[in-house]
Amino acid sequence: MKRIGVLTSGGDSPGMNAAIRAVVRKAIYHNLEVYGIFQGYAGLINGNIQKLELGSVGDIIHRGGTMLYTARCEEFKTKEGQAKGIEQLKRFGIEGLVVIGGDGSYRGAKALTEHGFPCVGVPGTIDNDIPGTDLTIGFDTAINTVIDAIDRIRDTATSHDRTFIIEVMGRDAGDIALWTGLAGGAETILIPEENYDMKEIVDRLKRGQERGKKHSIIIVAEGVCSGVDFAKQLKETANLDTRVSVLGHIQRGGSPTAADRVLASRLGARAVELLLDGKGGRSVGIESNELVDYDIIEILSKPHKVNLDMYRLSKELSI
Ligand code: ADP
């Protein structure tokens, strides 16, 4: 292999730049040429492709977002779109591709693999919902952003003796809600993986009020319902007044934490190693701090598992 490509696709996440940097530097270290594909699969189809040098990825390790930009591209979901993409890869002499992104982006990488093109997936999403890895790039930064917000909301909640509902991202996964709820000392955490019992939630809030608790924090994962809807349910079932904060896209931005930069550097470099070893069609990940890789076609059929021990612990700690 002489020339590889790298793209970021779907929702961006902090640390994607560190991953791009690792791919480029590791490849050049091993005398490979690297081409950056701009704007995800849309840029692949349109041939928005440029050679990257060592300096192209200078001064980006600490920046959120992605220097390659990202896009959503419906055309790439079709066989014709994929054929156009492969045509461009051939035109530029690219023999292997690193795809950094979430599960949608992985489906694109899977399609390329099924067409026989060597592709390696690097899990980049704040949602932490890719199977075959304990952590995805951007998750640590996102939860630290949420924790910062929870701490601030807690201050005002205490001053006003209020119950706050904080809606966090995560799509169909509850990881952001669970980790931030546990780290932020939330009274209640709602995740899509577990049903909730309204009576139990109301009883806990009332018990807290009776023993003079000044505030309550409820974290709702967007995959359960909106924070506003949950506030309505609380009002209707228990006549409880709450305030709602929807954190939204601030969770996707910002300078990546040290943990995300290290993770991105390790995973990006391993993706290049796999391509050098002629191992396309893989997804890289980290398990118990060891780098691992799995078949990218099989990985998508595995369910993502949220840590239910942590969920039970959060309930025990918020009695
Ligand atoms: P994320 O990667 O963050 O999950 P999306 O789900 O929006 O984001 O997916 C990003 C892009 O990946 C899509 O716009 C599309 O170009 C590509 N993609 C998603 N699903 C498929 C699929 N089944 N086949 C081919 N490409 C896909």
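The values are calculated or read from the model by the stated rules, or taken from the named source; none is laboratory data. Everything numeric in this text was worked out from a predicted model, so none of it was measured. Neighbour counts run over all protein chains shown; Cβ positions are idealised from the backbone, glycine included. To get the accessible areas, we keep the full protein, side chains included, count just its heavy atoms, and leave off ligands, DNA and RNA. Shrake-Rupley method; radii C 1.70, N 1.55, O 1.52, S 1.80 Å.
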Mean accessible surface per residue for the chain, computed with a 1.4 Å probe while every protein chain stays in place, in Å²: 44
Label-point separation, K2 to N307 (7 Å along Cα→Cβ), nm: 4.7
Label-point gap, in nm, between L317 and S255 - each point 7 angstrom along Cα→Cβ: 2.7
Degrees separating the helix 79-91 axis from the principal Cα axis of the chain, which is the longest one: 50
Between the range 45-107 and the range 239-315, the alpha-carbon center distance in angstrom: 20
The chain: relative contact order as a whole-number percent, Cα under 8 Å and 6+ apart: 24
Within the chain, percent of DSSP bridges classed antiparallel, to nearest 5: 25
The range 174-238 shape via C-alpha gyration tensor axes, a/c threshold 1.5: oblate
Full-stretch length increase - K90, K214 - with 0.36 nm per residue and alpha-carbon distance subtracted: 38.3 nm
Separation in nanometres of the label points that stand 7 Å from Cα toward Cβ, at K206 and L276: 6.4
Antiparallel bridges, percent of DSSP beta bridges restricted to the range 167-298 (to nearest 5): 50
Reachable lysines, given that their alpha-carbon falls under 27 Å from the alpha-carbon of K279 and they are not under 8 places away in the same chain: K2, K26, K51, K77, K79, K84, K90, K110, K302, K305
Principal axes of the chain: Cα extent on each, largest first, Å: 69, 37, 33
Tensor-based shape of the range 50-143 (alpha-carbon gyration tensor, a/c under 1.5 rounded, otherwise prolate or oblate): oblate
Estimated FRET transfer efficiency when R0 is 41 angstrom, pair T78-L54 (beta carbons, to 0.05): 0.65
Shape call, the range 34-82: gyration tensor on alpha carbons, a/c limit 1.5: oblate
